[in-house]
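Visitor: Just passing along the structure, written as structure tokens.
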């Protein structure tokens with residue numbers, strides 16, 4: 001349901017008073033990403049050991065199974081926390097002051113760009129959606145917009161660089177689970193992410209055409 005302008009302004013004023021308390025807490029949730037990476041690294045090592053010895057998770061001893069499940073549950077829990085946090089931040093990018101996300105401390109934009117590389121729980125897609133919501137309002141200053149224009153391609157390159165490792169991990173999980181069927185095509189596995197990313201890239205450009213029009217060096221491909 002829609003709320004009237006006065007009520008919305010009251011909510012914004014209230015949130016603005018406490019943003020220094022809750023925004024860092026949201027960022028701390030994103031900072032759990034290394035925990036997710038470590039859980040996946042542990043699972044990859046376990047899967048590699050199993051496959052090298054012609055075993056699957058169905059042959060694990062009770063102790064081995066407990067260790068394996070601990071990492072599986074940690075991966076799932078942390079991945080979902082990060083994904084849900086990005087969903088919340090996307091709402092903020094839609095409705096809250098842009099300054100909360102950009103030119104802010106902590107640096108949410110840097111976190112969003114970094115998380116584009118992660119497949120678990122659609123984290124990369126959620127990060128792309130955050131960036132899209134941040135720019136779609138067309139209110140970024142030129143320098144803020146240029147930061148995203150410059151840094152987004154580099155982040156996409158990094159995401160593409162780790163894609164083979166992500167695919168190898170997923171295949172290891174599948175095969176260690178006893179699935180001996182054909183491997184999923186790596187590009188097909190990334191289709192939804194690239195759809196989201198394509199939309200985001202389009203919005204980055206189309207939402208700030210005024211910056212392009214008024215900056216001759218951009219039109220002339222200079223600088």
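Visitor: Read through the list (1) without any contact (Cβ under 8 Å) to a residue 12 or more places away in the chain; (2) more than 21 Å from residue 34 (Cα to Cα), then give the number of the only condition that residue 140 fails.
Guide: (1)
Visitor: Are any residues in segment 16-62 surrounded by fewer than 16 Cβ atoms within 10 Å (Cβ to Cβ) and within 20 Å of residue 97 (Cα to Cα), and if so, which ones?
Guide: Across segment 16-62, the qualifying residues are 16, 17, 18, 20, 21, 22, 24, 25.
Visitor: Looking at (1) buried (at least 17 other Cβ atoms within 10 Å of the Cβ); (2) within 30 Å of residue 48 (Cβ to Cβ); (3) modelled with pLDDT under 95, which is the only condition residue 207 fails?
Guide: (2)
Visitor: While we're here: Quick one: would you say residue 50 is touching a residue at least 24 places away in the same chain (Cβ under 8 Å) and within 17 Å of residue 84 (Cβ to Cβ)?
Guide: In short, no.
Visitor: Among the residues of segment 64-97, count how many are over 23 Å from residue 176 (Cα atoms) and either at pLDDT 95 or above or under 15 Å from the mean Cα position of the chain (by Cα) (or both).
Guide: 12
Visitor: Taking only segment 117-137 into account, find how many residues are in contact (Cβ under 8 Å) with a residue 60 or more places away in the chain, in a helix (DSSP H, G or I) and farther than 21 Å from residue 97 by Cβ.
Guide: Final tally of qualifying residues: 5.
Visitor: Quick one: is residue 125 modelled with pLDDT of 95 or more and touching a helix residue (DSSP H, G or I) at 6+ places or on another chain (Cβ under 8 Å)?
Guide: yes
Visitor: Still on this model: Of the residues that make up segment 174-182, is at least one assigned to a helix (DSSP H, G or I) and free of Cβ contacts under 8 Å to residues at least 40 places away in the same chain?
Guide: yes
Visitor: Among the listed residues 73, 80, identify the single one that is surrounded by fewer than 19 Cβ atoms within 10 Å (Cβ to Cβ) and free of Cβ contacts under 8 Å to residues at least 24 places away in the same chain.
Guide: Every option except 73 fails the conditions.
Visitor: Scan segment 90-99 for residues that are crowded, with 16+ Cβ neighbours inside 10 Å, within 15 Å of residue 12 (Cα to Cα) and either free of Cβ contacts under 8 Å to residues at least 12 places away in the same chain or touching a helix residue (DSSP H, G or I) at 6+ places or on another chain (Cβ under 6 Å) (or both) and jot them down.
Guide: Once the filter is applied, which keeps residues that are crowded, with 16+ Cβ neighbours inside 10 Å, within 15 Å of residue 12 (Cα to Cα) and either free of Cβ contacts under 8 Å to residues at least 12 places away in the same chain or touching a helix residue (DSSP H, G or I) at 6+ places or on another chain (Cβ under 6 Å) (or both), segment 90-99 yields 92, 93.
Visitor: Something else now. Is at least one residue of segment 184-201 in a loop (DSSP other than H, G, I, E, B), exposed (fewer than 13 other Cβ atoms within 10 Å of the Cβ) and either modelled with pLDDT of 95 or more or out of contact with any strand residue (DSSP E or B) (no Cβ under 7 Å at 6 or more places or on another chain) (or both)?
Guide: Yes, there is a match, as at least one residue in segment 184-201 is in a loop (DSSP other than H, G, I, E, B), exposed (fewer than 13 other Cβ atoms within 10 Å of the Cβ) and either modelled with pLDDT of 95 or more or out of contact with any strand residue (DSSP E or B) (no Cβ under 7 Å at 6 or more places or on another chain) (or both).
Visitor: Of the conditions (1) modelled with pLDDT under 90; (2) within 28 Å of residue 93 (Cα to Cα); (3) outside any helix (DSSP H, G or I), residue 140 satisfies every one except a single condition; which number is it?
Guide: Unmet condition: (1).
Visitor: Can you give me the number of residues within segment 100-116 that are in a helix (DSSP H, G or I) and either over 16 Å from the mean Cα position of the chain (by Cα) or surrounded by 16 or more Cβ atoms within 10 Å (Cβ to Cβ) (or both)?
Guide: 9
Visitor: May I ask you to verify whether residue 74 is assigned to a helix (DSSP H, G or I) and farther than 18 Å from residue 200 by Cβ?
Guide: Against the criterion (assigned to a helix (DSSP H, G or I) and farther than 18 Å from residue 200 by Cβ), residue 74 qualifies.
Visitor: Determine whether residue 152 is surrounded by 15 or more Cβ atoms within 10 Å (Cβ to Cβ) and outside any loop (DSSP other than H, G, I, E, B).
Guide: yes
The values are calculated or read from the model by the stated rules, or taken from the named source; none is laboratory data. Predicted model only: the values in this text are computed from it and were never measured. Don't worry about glycine lacking a Cβ; one is built from the backbone with ideal geometry, like all the others, and counts go over all protein chains shown.
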